[in-house]
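All remarks here apply to the structure that follows.
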Amino acid sequence: MFTIEALSTNVAEIKTVIQIVASIEAIVQPNDAWNQKTLAKLLEQDSISMLIAYDKAKEKGNSHRKIVGYCLYQMTFEQAEVLRIGTDPEHQRQGIASKILNKLHEILPLNQVESLLLEVRADNTTAIALYEQQAFSIIHRRKGYYKVPHKPAVDALIMQHTYI
């Protein structure tokens, strides 16, 4: 069973979560991983929040639940943006990203958010299929946005989910 929760306000727990998220980032975003320092700096901003996916329900006295996914997002007035979303490779294809997005879809309208944006590589067909299942649609294409040495550039797709 997986649970999705907002990032704790406990400073020690935040540090641990950031370390684990950074290690997942290094695996799922090998060419552009955000490190602990970057994540910590971003989370200092009032507009940026994080949802965490844990591998089981919270139990009394169990502060060592395994983090299996995360979503870093930003709310700015009536618009929100997914900055990063990732699932530990050992737990991919188990619906964790869908559960995280479903939780976002619950939270954002309560904060008067009208639309949610995200960016995805045009060659990431698995992610695009997930986002389309979540009622996102492509609203823009950035030609040749992702560049990796010795490989052809890949377009970025901007996708949007609307709540109104």
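Where in region 69-100 does the amide nitrogen come within less than 16 Å of the point 7 Å from the Cα of Arg121, taken along Cα to Cβ? Backbone N within reach: 84-87, 89.
Take every DSSP beta bridge whose two residues both sit in the chain; close to 90 percent of them are antiparallel. Treating each Cα of region 86-141 as one equal point scatterer and applying the Debye formula with no solvent, the log10 of I(q)/I(0) at q = 0.27, 0.28 Å⁻¹ comes out as -1.25, -1.28.
Could you work out what % of the accessible surface of the chain is carbon and sulfur, using a 1.4 angstrom probe and leaving DNA, RNA and ligands out of the count? Carbon with sulfur: 51 percent of the solvent-accessible area.
Compared with the dominant Cα axis of the chain, that is its longest principal axis, helix 11-28 is turned about 40°. Distance from the Cα centroid of region 21-40 to that of region 65-82 is 15 Å (rounded to whole angstrom).
For the chain, adding -39500 (n - 2.57) for each run of n ≥ 4 DSSP H residues and dividing by the number of residues yields -9500 deg cm²/dmol at 222 nm. Backbone phi angles across region 157-163, fed through the Karplus curve with coefficients 6.51, -1.76 and 1.60 (θ = phi - 60°), yield HN-Hα couplings of 9, 9, 10, 9, 10, 10, 9 Hz in residue order; Gly and Pro are listed as x. For region 116-125, 3J(HN,Hα) computed residue by residue from phi via the Karplus equation (6.51, -1.76, 1.60; θ = phi - 60°) reads 10, 10, 7, 10, 9, 5, 5, 8, 8, 5 Hz, glycine and proline entered as x. Computed across the chain, the Kirkwood radius stands at 16.6 Å (inverse of mean 1/r, all Cα pairs). Within the listed set Gly95, Gly69, Gly86, the residue fluctuating most in the Gaussian network model of the chain (springs between alpha-carbon atoms under 10 angstrom) is Gly95. On a per residue basis, the chain carries 59 Å² of accessible surface, using protein heavy atoms and a 1.4 Å probe. Within the chain, the longest run free of exposed loop sites, counting chymotrypsin sites (Phe, Trp or Tyr not before Pro) that sit outside DSSP helix and strand states (H, G, I, E, B) and have at most 15 other Cβ atoms within 10 Å, spans 78-162. Using the Cβ-Cβ distance between Glu90 and Lys143 with R0 set to 41 Å, the FRET efficiency from 1/(1 + (r/R0)^6) comes to roughly 0.75.
The values are calculated or read from the model by the stated rules, or taken from the named source; none is laboratory data. Values in this document were obtained by computation on a predicted structure and should not be read as measured data. Note that each Cβ is placed from the backbone with ideal geometry, even for glycine, and that neighbours are counted across all protein chains shown. In case anyone asks, the SASA skips ligands and DNA or RNA and just uses the protein heavy atoms, side chains included. Shrake-Rupley method; radii C 1.70, N 1.55, O 1.52, S 1.80 Å.
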